[in-house]
Amino acid sequence: MVGLIKDFALTALVIILNHWVYGVEDSIAYGFIVDFIIKSKTIFITAGILGTFILPLSSSMFESLGLYKITYGLSKILARVSQFLITFVAVLNIVFYAALGNNLMRDKGYLLLFSLALILGASCWALRIIDFNHPTENVVMPVSVLTLMSIILVEFIWPFYGF
């Protein structure tokens, strides 16, 4: 839960710096993010699918060799980064809908969210292989609930009330 609060604070800092300090308009930032996702969609899907297979396989292989610290560190880093990026996309979805009326998830945001969820799941699985006491539900659940709330809010609740 503390990680989610840190991710939310960092996301708010990025949004505040981008909008009020640097003066970037929301429509320009939205266009940049959507173009970046569209240009990099092959990289995102490839990284998500390969990460799903390579992380658990390498952690079980390195655990049997006694070199588990390599994949443990990599899995911890990937879990943390994917947690932050999922939080970032969920909050940006809410911000862009409130500011512009554009749904980021419909504009290739689901693709990015899917690949990040694959990487988060694979890194949690790899951490679970190495350390059976790893609190996977504490890593996955807060981010999943935030993302689900963002999607429900933007897809169903706000359009129903004309926001």
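The values are calculated or read from the model by the stated rules, or taken from the named source; none is laboratory data. What you see is a predicted model, and the numbers here were worked out from it, not measured in a lab. Counting neighbours? That spans all protein chains shown, and the Cβs are built from the backbone with ideal geometry, glycine included. Areas reflect the complete protein model, heavy atoms only, side chains present, ligands, DNA and RNA absent. Shrake-Rupley method; radii C 1.70, N 1.55, O 1.52, S 1.80 Å.
A few remarks follow.
- The mean accessible area for residues of region 38-126, using a 1.4 Å probe and ignoring ligands and nucleic acids, is 51 Å² per residue.
- Structure-derived Rg and Dmax of the Cα atoms in Å: which label, when the choices are [x] 17.3, 58; [y] 19.3, 72; [z] 20.0, 64: [x]
- Local electrostatic count at ILE130 - Lys and Arg +1, Asp and Glu -1, tallied over other residues with Cβ under 12 Å: +1
- Dipole size of the chain about its Cα centre, with +1 on Lys/Arg Cβ and -1 on Asp/Glu Cβ: approximately 300 debye, rounded to the nearest 20.
- Among LEU113, LEU153, LEU65, the largest mean-square fluctuation in a Gaussian network model of the chain, built with springs joining Cα atoms closer than 10 Å, belongs to LEU65.
- Taking Lys and Arg as +1 and Asp and Glu as -1, the other residues whose beta-carbon sits under 13 Å from that of ASP35 total +2.
- Counting charges near LYS108 (Lys, Arg +1; Asp, Glu -1) among other residues having Cβ under 11 Å from its Cβ returns a value of +1.
- Estimated [θ] at 222 nm from DSSP helical runs (n ≥ 4, -39500 (n - 2.57)) normalised by residues in the chain, nearest 500: -26500 deg cm²/dmol
- Across the chain, the mean sequence separation of Cα contacts (distance under 8 Å, 6 or more residues apart), normalised by length, yields a relative contact order of 34 percent.
- Positive-pole candidate from LEU13, ILE33, PHE114, dipole of the chain, charges at beta carbon: PHE114
- Between the listed residues ALA126, VAL81, MET61, the Cα displaced farthest toward the positive end of the dipole of the chain, a dipole computed from Cβ unit charges relative to the Cα centre, is found at MET61.
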